[in-house]
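Here's the structure, in C-alpha cells; my notes come after.
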Amino acid sequence: MRILVAPDKFAGTLSAVEAADAIAEGWSRTDPEADVVTVPMADGGPGFIEVLHASLGGELLAVTVRGPLGDPVPAAVLKVGETAYIESAQACGLVFLPTEADGRTPRPGVAAQASTYGVGELIAAAIDAGARRVVIGLGGSGTNDAGAGMLAALGASSEPVKAMTSGPEGLAHVASVDVEPARERLAGVELVAASDVDNPLLGLRGATNVFGEQKGFVGDDAKLAADAALTTFAEAAGRKVADAKGAGAAGGLGYGILLVGGRREPGFATVAAAVGLPDLVATSDVVVTGEGKLDWQSMNGKVPVGVAGLAGSALRPCIAMAGAVQVGNRELRANGIEAAYSLVDIVGTEESFAHPARSLAAVAERVAKTWSRR
C-alpha cells in the first residue's frame, strides 16, 4: 500500500518537512510494510524554500539582505538549474516586526516604515548566480509598500530619493518614479510571483484593507493613510496593473512584480508542479495532507484543499490531520477531504503544543488503523 504524505507547515510548531516526517513515522508504526512517501508542501509563504529544497535538491546560496526595518538578515536563494526560488518572507517577513507584550501582535505603526528592499536584493543575487527564471514565494510579509523597496533595490528611483525605501510613509510623498532601470536589470529574466492571494492593490479588497491589520495598521485612519500612500505610488509608477489579480499579495509586492513584467501563478500549483505532485498522487492509494488549523481559510486555495483536489481528480481518497479542525464534515467533503483529524481533540491541547511532532505521530498511528489495509 502506498501512502502519500503532503502537508503544509503547522504554523508555530512544525515545518512542513517536520510534519511530513512525523506523519510518516506514526503511520509506519501501524503499517510498517506500507510505502510511505513524504512530499512537504507550501503555497508561497514561510517554508517555501525548505519545501522545494527537500523535494528538488539544488544549491542553496546564502545571502545577507536588508530586513524590512533596515537591519541585515540572513536569507537564501535556491537554485535548481536556471531557475531560482526565493521566499519573500525571509527578507520582509512579519517575524521581523517588533511586537506587543503578547509576542505575536505587531506594534502599531511600525510597518508604515517597513520596506521590501531585501526582496530586490534576493532577486539580484539570483540573477547574478545565473538564474534566467526567478520564482518568488509571496506570503507572511510584514510590509505594505507595493513592492517599492524591491524595485529600488533593482535600480528604480524616485523623487524624493528615499521615498521608495521607507514604506507607505515614504510613498505618501512620492512625486515621480522611474521604474525603467529595474526593468532593464530584469531583461531576459522570467519573474514569477507564487501566491494564492488574488486581491488587487488598492481599495476595499486591497492589500491594506484586507491584510493591513495583521501588520499593525490598526484603525480606519491608519488603513486610510496607508492605502492613500499606495495609491499615490501607483499613480506615479503605473496604475494599470494595480487592479490585476494578485497585485495586493504580500502588501502589494505582487504589484511591484507585475509592474516590471512579471506574472502571477497560484502558489500551491507552482509548488505542486515543481515537485511532481500530480503524478505522485495518481500512483498512491491514500493521500494525507494537513496544516496547523483547518478552517474556512483552508478552503480558499490553501494546501489541504489543493492536495485534495488533485486526489479527487485521480480518484484517490484524501484525509487531513490538523492541530485544530474548525470546519464541518459536509464542507470538508465538498472540498475533497474524506475525513479530518484534530490533534487537540485526540491528544489534548497541552500535549499538542508541548510535543507537536510526537502528538502528530500518535494521531497518524491511530488514523492508519482506519485507512491502512492491515
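Residues in the stretch 176-195 that are assigned to a loop (DSSP other than H, G, I, E, B) and at pLDDT 95 or above: Val179, Leu186, Ala187, Gly188, Val189. Going by the structure shown, is Ala308 buried (at least 18 other Cβ atoms within 10 Å of the Cβ), within 30 Å of Ser157 (Cβ to Cβ) and hydrophobic (A, V, I, L, M, F, W, C)? So Ala308 fails the test.
Exactly one residue among Leu277, Leu258 is at pLDDT 95 or above, farther than 18 Å from Arg133 by Cα and either of a type in the set (Asp, Glu) or surrounded by 17 or more Cβ atoms within 10 Å (Cβ to Cβ) (or both), and that residue is Leu277. Within the stretch 124-140, the residues that satisfy the criterion of being surrounded by fewer than 20 Cβ atoms within 10 Å (Cβ to Cβ) and in a loop (DSSP other than H, G, I, E, B) are Ala129, Gly130, Arg132.
In the set (1) touching a residue at least 40 places away in the same chain (Cβ under 8 Å); (2) within 25 Å of Thr270 (Cα to Cα); (3) crowded, with 19+ Cβ neighbours inside 10 Å, the condition left unmet by Ala361 is number (2).
Take Ala272 and decide whether it is closer than 30 Å to Leu78 by Cβ, of a type outside the set (Val, Ile, Thr) and without any contact (Cβ under 8 Å) to a residue 60 or more places away in the chain. Answer is no for this residue.
Just one of the listed residues (Leu332, Leu360) is part of a helix (DSSP H, G or I), touching a strand residue (DSSP E or B) at 6+ places or on another chain (Cβ under 9 Å) and under 15 Å from Trp27 (Cα atoms), namely Leu360. Being more than 29 Å from Gly188 (Cβ to Cβ) and either in contact with a Phe, Trp or Tyr (Cβ under 8 Å, 6 or more places away or on another chain) or surrounded by fewer than 24 Cβ atoms within 10 Å (Cβ to Cβ) (or both) is not true of Glu159. Scanning the stretch 166-211 for residues that are within 23 Å of the chain's Cα centre (by Cα), crowded, with 23+ Cβ neighbours inside 10 Å and farther than 16 Å from Leu224 by Cα yields Ala193, Ala194, Ser195, Asp196, Val197. If you check Asp43, Asp102, which single one turns out to be under 15 Å from the mean Cα position of the chain (by Cα), among the charged types (D, E, K, R) and modelled with pLDDT under 95? Step by step, each of Asp43, Asp102 is checked, and only Asp43 is under 15 Å from the mean Cα position of the chain (by Cα), among the charged types (D, E, K, R) and modelled with pLDDT under 95. With respect to the conditions (1) more than 16 Å from Thr38 (Cβ to Cβ); (2) of a type in the set (Ser, Thr, Tyr); (3) at pLDDT 95 or above; (4) buried (at least 16 other Cβ atoms within 10 Å of the Cβ), Ser313 lacks only one, and its number is (4). Considering the conditions (1) in a helix (DSSP H, G or I); (2) under 17 Å from the mean Cα position of the chain (by Cα); (3) not small (Gly, Ala, Ser), Glu121 is excluded by exactly one of them, (2).
For the stretch 52-72, name all the residues that are of a type outside the set (Gly, Ala, Ser) and over 27 Å from Leu277 (Cα atoms). Working first, answer last.
Here is the first cut: in the stretch 52-72, the residues of a type outside the set (Gly, Ala, Ser) are 52-53, 56, 59-61, 63-66, 68-69, 71-72.
Val63, Thr64, Val65, Arg66, Pro68, Leu69, Asp71, Pro72, listed by residue number.
Of the residues making up the stretch 345-357, those that are assigned to a helix (DSSP H, G or I) and surrounded by fewer than 17 Cβ atoms within 10 Å (Cβ to Cβ) are Asp345, Ile346, Thr349, Glu350, Glu351, Phe353, Ala354.
For the stretch 212-250, the set of residues classified as under 18 Å from the mean Cα position of the chain (by Cα) and closer than 30 Å to Arg133 by Cβ consists of Lys215, Lys245, Gly246, Ala247, Gly248, Ala249, Ala250, listed by residue number. Residues that are in a helix (DSSP H, G or I) and either in contact (Cβ under 8 Å) with a residue 60 or more places away in the chain or more than 28 Å from Gly81 (Cβ to Cβ) (or both) within the stretch 280-308 comprise Leu280, Val281, Trp296, Gln297, Ser298, Met299, Val303, Pro304, Val305, Gly306, Val307, Ala308, listed in sequence order. The test for being free of Cβ contacts under 8 Å to residues at least 60 places away in the same chain, of a type in the set (S, T, N, Q) and not in a loop (DSSP other than H, G, I, E, B) does not hold for Asn199. Meeting the requirement of 1 or more residues that are in contact with a Lys or Arg (Cβ under 8 Å, 6 or more places away or on another chain) and surrounded by fewer than 23 Cβ atoms within 10 Å (Cβ to Cβ), the helices (runs of 4 or more DSSP H) wholly within the stretch 1-113 are 16-30.
The values are calculated or read from the model by the stated rules, or taken from the named source; none is laboratory data. These figures come from a predicted structure and were not determined experimentally. Using ideal geometry, Cβ is built from the backbone for each residue, glycine included, and neighbour counts are taken over all protein chains shown.
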